[in-house]
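See below for the structure under consideration.
The values are calculated or read from the model by the stated rules, or taken from the named source; none is laboratory data. Because the structure is a prediction, the values reported are computed rather than measured. Positions of Cβ are generated from backbone atoms using ideal geometry, with glycine treated the same way; all protein chains shown enter the neighbour counts. Ligands, DNA and RNA are excluded from the accessible area calculation, which covers all protein heavy atoms including side chains. Shrake-Rupley method; radii C 1.70, N 1.55, O 1.52, S 1.80 Å.
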Amino acid sequence: TREWYMHPNGQLPAYEWAFGDVNPPVHAWATWRVYKIDQRQRQRVGRGPDLEFLERVFHKLMLNFTWWVNRKDAQGRNIFQGGFLGLDNIGVFDRSAPLPTGGFINQSDGTSWMAMYSLNLMRIALELAVHNHVYEDVATKFFEHFLSIAEAMTNLGDEHVGLWDEADQFYYDVLCLPDGSMQPLKVRSMVGLIPLFAVEVIDPDLLDQLPEFKQRMEWYLSHRPELSNLISHWDVPGRGKRRLLSLLRGRRMKRLLKRMLDETEFLSPYGVRALSKVHEGQPYVIHVNGQPMSVSYQPAESLSGLFGGNSNWRGPIWFPVNYLIIESLQKFHHYYGDDFTVECPTGSGQMRTIAEVADELSARLGRLFLRDADGRRPVFGPDEKLQRDPHFRDYLLFYEYFHGDNGRGVGASHQTGWTGLVAKLLSPRRHRE
């Protein structure tokens, strides 16, 4: 976020100083996590939190948020068309290029990332407001923006078309054609799971320290019930009288988790696949100008050079989004407690708390690197030198992504920045952090 990276208009480069694409706006999430980790370390030596760091980055993030709102919301209706967003070839179209159909795509993932961004910035503003009440107004601004995004996802352009498909119980991108018609792109992919990331739990003692924010928020929710009803039961306190802000109410979250935890769809022995395995036998096909375009399940290397070639999102396990799924589930459990259970895996008859589901996903991701009963690490696949040679077998490589069925490492083998998160997932302290 420093000025030698950030564009004067607020845009942050997607990668290697490239402003031609955008990647998910996770910077506020990362800022908050770094701040909280540093806060714990400072407490051990009797020092207070680094509010200066949080405030400096927060101001830059507000510039970037404004850039997103001004540049990636084609109709000014709080539905976003981010483009690439790191999900290279997950869809039927290249989302960074003009569509062969004309028009544009209202993105489930782009819009959900912005809902998450709103809540992340709201939480940072609340932290700053405890020390400087000027930030209460800013926190209210991001709370209201989150509500506006939730409303827009439910009713695109006042056409009573939403990103949630009630029949399929899943979120989809919606193609908006030049004639004004809308067509859901029914690819069951990570795009439909990203709404899970937009979740925040607020403890009552924090609200009590911020009476202006609390009063404004309660006014908004009581006078705009059609919005408050979209973001879970805000007025129903959870465990410890906590309050929940989420794109997913309890029933809808259960339906989404039912698909995500289905081993015939998303749930692999090694984590959550980027594309449902159902598309292995049932590819999604759309006809454009008489030509079929399709999406099929490909658990490892891409079968073509389409939309980035070997950077394949059509089936492998990608670590960063799996990590965010786990963290989001832990937040939901922080609110609901042990009374809220789901079947995991789907069809097993085994009911688990949301925390236990998070633990199960953590264990599956850890299984990528741990030795199985035969002493083999799934990440090394069939490579006997890596599996058996004493000079190699204990030196782990952190890959870009992993085979959706057998866990073999695929792609670049230097992605420690995200795959190294496995260390935290294997730590017994993770829930307390």
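Listed conditions (1) out of contact with any Ser or Thr (no Cβ under 8 Å at 6 or more places or on another chain); (2) in contact (Cβ under 8 Å) with a residue 24 or more places away in the chain are all met by Ser246, apart from (1).
Would it be correct to say that Arg255 is closer than 24 Å to Pro195 by Cβ, among the charged types (D, E, K, R) and part of a loop (DSSP other than H, G, I, E, B)? No. Among the conditions (1) in contact (Cβ under 8 Å) with a residue 24 or more places away in the chain; (2) more than 22 Å from the chain's Cα centre (by Cα), the only one that Val45 does not satisfy is (1).
Checking Gly337, Gly375 one by one, the residue that is surrounded by fewer than 16 Cβ atoms within 10 Å (Cβ to Cβ), within 22 Å of Phe197 (Cβ to Cβ) and small (Gly, Ala, Ser) is Gly337 and no other.
Here Ala28, Ala74, Ala14, Ala97 are screened, and the one residue that is in contact (Cβ under 8 Å) with a residue 24 or more places away in the chain and surrounded by fewer than 15 Cβ atoms within 10 Å (Cβ to Cβ) is Ala74.
Would you be able to tell me the number of residues in the range 368-404 that are in contact (Cβ under 8 Å) with a residue 60 or more places away in the chain and more than 22 Å from the chain's Cα centre (by Cα)?
Qualifying residue count for the region: 1.
The residues on offer are Glu263, Glu280, Glu218, and the sole one that is out of contact with any strand residue (DSSP E or B) (no Cβ under 7 Å at 6 or more places or on another chain), free of Cβ contacts under 8 Å to residues at least 40 places away in the same chain, closer than 30 Å to Val321 by Cα and surrounded by fewer than 21 Cβ atoms within 10 Å (Cβ to Cβ) is Glu280. Considering the conditions (1) crowded, with 19+ Cβ neighbours inside 10 Å; (2) part of a helix (DSSP H, G or I); (3) free of Cβ contacts under 8 Å to residues at least 60 places away in the same chain, Arg364 is excluded by exactly one of them, (3). Scanning the range 62-98 for residues that are among the hydroxyl-bearing types (Ser, Thr, Tyr) and in a helix (DSSP H, G or I) yields a single hit, Thr66.
Determine if the range 316-328 includes at least one residue that is open to solvent by less than 20 Å² (accessible area, probe 1.4 Å), touching a residue at least 40 places away in the same chain (Cβ under 8 Å) and in contact with a His (Cβ under 9 Å, 6 or more places away or on another chain). Yes, because at least one residue in the range 316-328 is open to solvent by less than 20 Å² (accessible area, probe 1.4 Å), touching a residue at least 40 places away in the same chain (Cβ under 8 Å) and in contact with a His (Cβ under 9 Å, 6 or more places away or on another chain). Listed conditions (1) open to solvent by less than 40 Å² (accessible area, probe 1.4 Å); (2) more than 16 Å from Asp262 (Cα to Cα) are all met by Val357, apart from (2). Scanning the range 173-193 for residues that are within 18 Å of Glu151 (Cβ to Cβ) and either open to solvent by less than 40 Å² (accessible area, probe 1.4 Å) or among the hydroxyl-bearing types (Ser, Thr, Tyr) (or both) gives Val174, Cys176.
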